[in-house]
Structure formats: structure tokens, C-alpha cells
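Notes for the one structure printed next.
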Amino acid sequence: MFDLTDADLTGVTLDCAAGGSSFAAKSAGDGARAIAMDPLYAQGARAVAGRLPADLARCEEMFRAERRRFVWDWYGSPDRHKEMRRAAASEFLADLRRHPGRYVAAGLPRLPLADASADLVLCSHLLFTWARDHDRDWHRRAILEMCRVSRREVRIFPLVHMGHGEPVGFLDALRADIEAATGAHSECPTVPYELQRGANRMLRIYTAPETP
């Protein structure tokens with residue numbers, strides 16, 4: 001969903017709103033450092049482990065009820081998606097217990113990190129996905145905060161509303177506002193991943209001064 005390469009994952013990668021993702025566990029190592037951040041982690045490993053099965057079950061029920069809204073080319077089938085999600089949850093929980101310092105209990109729009117402390121900042125299925133719950137001002141504050149802690153790039157996926165998959169009306173104006181406020185350059189490329197129908201673009205913000 002973020003169209004990542006091995007080169008993208010050198011240095012420090014911050015995964016905002018990481019939830020039960022195994023991304024930090026998979027991407028750390030060989031000189032790379034990953035930080036996962038989510039308010040969920042304040043509950044502790046035991047409580048998180050207790051709620052993940054119910055969260056996964058709700059997700060699976062949504063897929064069954066709204067199957068026409070999803071594309072299964074990448075996963076192959078809903079069953080394969082379920083299998084991969086459950087494996088990722090197990091890997092996440094094992095890593096949470098082994099490396100608790102990798103998991104920080106915090107969330108947007110305020111990150112407890114110093115300026116330019118991460119090379120790459122990622123955020124999936126929060127911004128734009130839940131634009132009915134978070135308005136344009138919240139998005140602006142959240143993106144500016146991610147830009148503040150990033151010394152190279154911010155990537156956000158997807159760019160449509162959850163459920164009906166419609167574009168978020170304030171996206172273009174928000175991009176212009178962020179660029180004016182930070183001097184950064186942004187683009188919205190298509191990525192080689194689509195699960196929710198029409199959700200196949202990410203917002204890519206280049207925060208490094210030398211990047212065009």
C-alpha cells in the first residue's frame with residue numbers, strides 16, 4: 001500500500017496508528033529501526049491480545065457484508081486475507097512482548113517525538129479513511145505533525161472514505177495548505193495495492209529540503 005522498497009526502510013521508520021500491524025516487527029533489523037505508535041498500546045500487551053480477535057472478527061464480518069466494495073486480486077480471496085491478518089496479529093503480539101520499546105502509546109495529532117527524528121513516517125487507514133469523524137482542521141494538524149517529525153518523507157494511505165470509497169472533498173485544498181505551510185512537495189501516485197475498491201492511491205509528502 002505504500003509502494004515501499006528496501007531503500008525506503010533504511011534509517012528510522014515511524015508507523016502511526018499502527019494498531020495490530022506486524023510492520024514494525026518485519027521492517028526492523030539490518031541497521032533499520034522501526035517505531036510503531038498507537039493509543040491502543042497504553043492498554044498493555046495482555047489487554048491488546050484480548051481485543052484483537054474481536055477486532056479481526058468485525059473486519060471479516062464487514063468484508064462478508066460488503067463484499068462488492070472490495071477487490072481481492074492482491075490477497076486472492078477473503079479467506080487468504082483472514083489468514084494473513086491473523087498471522088500478522090500473532091507476529092505483532094510476539095514482537096510486542098519481546099520488544100515493548102518499539103511500541104509507543106500515542107496518537108495523532110500529537111506525537112511525542114523530536115523534530116526530524118524519523119526518516120520515513122507512514123500512516124494507513126486513519127486520515128481520509130475516517131474523514132467523517134475527523135475534519136479538515138484535524139487532518140491539517142495531523143499531517144503537519146507528521147511532517148515535523150519526518151526528515152525525508154510522509155506517506156498516507158488510502159485517500160478515500162471508508163465504506164463507500166468516495167474521494168475526500170478537501171484533499172486538494174489540504175495538500176496546497178500543507179505545501180504552503182511547510183515548503184514540502186506532495187503527490188498522489190497510484191500504488192500496486194487495492195483492497196477497498198477505488199483505494200489505490202497514497203499521499204506522498206517530500207519533507208527533505210533538497211527534494212523537488
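The values are calculated or read from the model by the stated rules, or taken from the named source; none is laboratory data. Quick caveat, the model's predicted, so the values are computed rather than measured. Neighbour counts are summed over all protein chains in view; Cβ atoms, including those assigned to glycine, are modelled from backbone coordinates with ideal geometry. The accessibility values were calculated without ligands, DNA or RNA, using every heavy atom of the protein model including side chains. Shrake-Rupley method; radii C 1.70, N 1.55, O 1.52, S 1.80 Å.
Summary of computed values
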read-out: Members of the range 60-73 that are loosely packed, with under 13 Cβ neighbours inside 10 Å and either in a helix (DSSP H, G or I) or within 20 Å of the chain's Cα centre (by Cα) (or both); value: GLU61, ARG64, ALA65, ARG67, ARG68
read-out: Subset of the range 171-202 (residues that are touching a residue at least 60 places away in the same chain (Cβ under 8 Å) and either of a type outside the set (Phe, Trp, Tyr) or touching a helix residue (DSSP H, G or I) at 6+ places or on another chain (Cβ under 9 Å) (or both)); value: PRO189, VAL191, PRO192, GLU194, LEU195, GLN196, ARG197, MET202
read-out: Residue list for the range 173-192, filter: open to solvent by less than 20 Å² (accessible area, probe 1.4 Å) and either assigned to a helix (DSSP H, G or I) or within 30 Å of ARG68 (Cβ to Cβ) (or both); value: LEU174, ILE178, VAL191
read-out: Residue in the range 130-139 that is crowded, with 18+ Cβ neighbours inside 10 Å, under 16 Å from the mean Cα position of the chain (by Cα), of a type outside the set (Val, Ile, Thr) and not in a helix (DSSP H, G or I) present; value: yes
read-out: Residues located in the range 118-159, provided they are touching an Asp or Glu at 6+ places or on another chain (Cβ under 6 Å) and aliphatic (A, V, I, L, M); value: LEU120, LEU122
read-out: Cβ-Cβ under 9 Å pairs, at least 6 apart or on other chains, the range 115-126 side modelled with pLDDT under 95, far side open to solvent by 30 Å² or more (accessible area, probe 1.4 Å) and not aliphatic (A, V, I, L, M); value: none
